[in-house]
Each structure stands twice: as C-alpha cells, then as structure tokens.
Amino acid sequence: MDIPVENAAAILRESGCTIAVTGAGISVESGIPDFRSPTGIWSKYPPEHYATIDAYLANPAKVWRFWRQLAIDFAACGPNPAHFALAALERHGYLKAVVTQNIDALHQAAGSKTVIEYHGSARKLFCLDCSATCPMDMQALSDSPPRCHVCNGLMKPDIVMFGELIPQEALRASAEWGDACDAVLIVGTSAQVYPAADLPYLAKRNGARIIEANIERTSFTETITDVFLKGPAGQTLPRLAQALGLEAPEAHAAE
Ligand code: NAD
Ligand code: ZN
C-alpha cells in the first residue's frame, strides 16, 4: 500500500472543496521543459528581450516570432496522465477548480472544465488597443505580429508578460477559491513565482489540508504540506485517482 497516496485520497474524500494549484512541473512529462533551468528556454531567449511588454512594444516582429514558435511547440504536445488524472478528479466531484501558472492550455485539452489561468494562455491573442481576445489560429500564423479582427490594432499573445499585471478576474477567482477550499493539491510548482505561490498559504491559514506532488521538496514542503507525493506527477496523480476508484483517467480526453 502506498501510504502517502492513501492519505491524500482520504483528504480528498473528506474535503467538500478541493482545488489544484499547478505549475510548469506538471507539463514536463508532456515534453514542455521548465523555463528557468540551465537548459530552459530563458537561457537561450533571455526574458528581458523576449518576455517583457516593453520588449514586445519595442520590437513586435522579433518577439512575436519567439511566441509564435512557442505556441507551435505547445500545440505539438498533448496532456499527460497527470493532466488527465486532474480532469478525472474534477469529473467525479473530487476537485472544484485548477488554478494554473501554465500557459500551455493542457489542462483544458485533458478535459478540465474550471481552469483559472493565472498567467494567461499562449494559445490565445489579446488586442493591445481594444482588449479583444481570440484563439490563435494555428493555420494562419505569419511572420508579422497579428492584427485585431475588431479594430486592426496590434495583438500580443494573451499571456502575462513581465511588467504586466495578473488579470483581475484570475486574482479574484483564485482568492475566492483560496478562501472557500478545504484542501489544496499543489502539483509541480517551485513556489517561487508570486503572487501565485501565496494561494496555498492563504488556504492553509483558513484551515485547508495541503497535498503536494513534486519530484523534489520545495518551500511548501518545508512549511505547509501535510502529505507529500514524491515522484513524477504523471505517475503519482493517476495513482491518487486510482485510490479513489477512478480508472484509466486518460480515456476521457476532451472531445
Ligand atoms: P518552476 O519551473 O519554477 O518549478 C517547476 C517545479 O516542478 C519544480 O519544483 C520541479 O521540482 C517540479 N517538477 C519538475 N518535473 C516534475 C514532474 N515530472 N512532476 C512533478 N513535479 C515536477 O515552475 P513554476 O513554479 O510553474 O514557475 C514557472 C513560471 O514559468 C510560471 O509562471 C509559468 O507561467 C511559466 N512556465 C510555464 C510553462 C508551461 O506553460 N508549461 C512552462 C515553463 C514555465
Ligand atoms: Zn482590437
């Protein structure tokens, strides 16, 4: 018997409202590396040149080509068993929402319905003039930065670049979930990016139990984690789903 998994399953059974808080680690097994490691994307494309709003406004064509390639790379990656396990937990009432820092839209692709994208989505576009948004049409991406279908203004990937604020709606919704939940399942986040990292602490102060899935310990583990599921999330989360009697979570991908 896998005691941490059984303990985590018991928390989910008892909890009336559980949310997941996910980060780059959940998508590593989908083939999307994290950004910060020595071989991560920022080592080749420094964020100050490719991921700030000022860099985009100064040279939209150069920065656009970077984000277009990233969207193409993301589109070639599918959800992994960890994403599917979270979708299965939601479908069976064990999870109310996923608050993610990821911009790859893989939770939705796995079938998760209530997904709060803290840092936006690299698969959508946002108009800098009129704030219209639209899905990125992968067939129609050109070398030039996209123009708005409503006002012809310059569009950008609908992600939170350095120097931009977290969308108010995402902040409001995640704070509400942080207040309302009585358990948090943290998956693959290093707890270094604020304000996203605050959410589990807020929930813990309100009495929530904390389950954490990661390949290594983090500052959450040292402070607030009640049950630590050590290992790749693509293995530990399906085990958690199975302990709750849910089978073959990946069979239920989004239609
Ligand atoms: P991070 O890179 O700071 O931390 C990743 C965490 O995942 C680490 O603690 C690592 O130990 C853990 N991890 C790695 N592989 C794992 C696995 N297989 N299973 C479980 N855990 C694993 O990531 P962060 O905390 O999310 O912060 C990174 C920022 O960069 C975020 O703001 C995010 O928006 C952005 N980002 C997004 C993506 C994406 O959309 N997929 C990818 C990279 C970075
Ligand atoms: Zn517009």
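The values are calculated or read from the model by the stated rules, or taken from the named source; none is laboratory data. Bear in mind that the values here come from a model prediction, so they are computed numbers and not experimental data. So basically every Cβ, Gly included, is an ideal-geometry build from the backbone, and we count neighbours across all protein chains shown. For the accessible areas, the whole protein counts, side chains as well, though only heavy atoms, and no ligand, DNA or RNA atoms are used. Shrake-Rupley method; radii C 1.70, N 1.55, O 1.52, S 1.80 Å.
Okay, here's what the table says:
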read-out	value
Under 14 Å from Lys204, Cα to Cα: aspartates and glutamates that are on another chain or at least 8 residues apart	Glu176, Asp179, Asp182, Glu212, Glu222, Asp226
Charged-residue dipole, Cβ positions (Lys, Arg, Asp, Glu), the range 120-255 about Cα centre, Debye nearest 20	180 debye
Solvent exposure ordering (accessible area, 1.4 Å, most first) of Trp64, Trp42, Trp177	Trp177, Trp42, Trp64
Set of lysines near Lys44 by C-alpha distance (under 22 Å), chain-local residues within fewer than 8 positions excluded	Lys62, Lys156
Cα shape, the range 108-174, gyration tensor, a/c 1.5 rule	oblate
Hull shadow area, averaged, the range 55-161 [alpha-carbon convex hull, nm²]	7.0 nm²
Against the rule of thumb 2.2 N^0.38 Å, how large the Cα Rg of the range 193-240 comes out	1.17
Distance (nanometres) between label positions extended 7 Å along Cα→Cβ at Ser37 and Glu247	3.5 nm
Fluctuation leader among Glu222, Glu212, Glu117 - the chain, Gaussian network, Cα springs under 10 angstrom	Glu222
Solvent-accessible ranking of Ser30, Ser144, largest area first, probe 1.4 Å	Ser144, Ser30
Listed residues Gly78, Gln139, Tyr56: farthest to the positive end of the dipole of the range 1-153 (Cβ charges)	Gln139
Percent of alpha-carbon pairs separated by more than 19 Å within the range 4-123	53 percent
Per DSSP, loop trypsin sites (Lys or Arg not before Pro) in the range 59-115 with at most 16 further Cβ within 10 Å	Lys113
P(r) weight above 28 Å for the chain, C-alpha pairs, percent	33 percent
Inter-probe distance in nm under a simple model that places probes 7 Å from Cα toward Cβ, at Ala58 and Arg217	4.2 nm
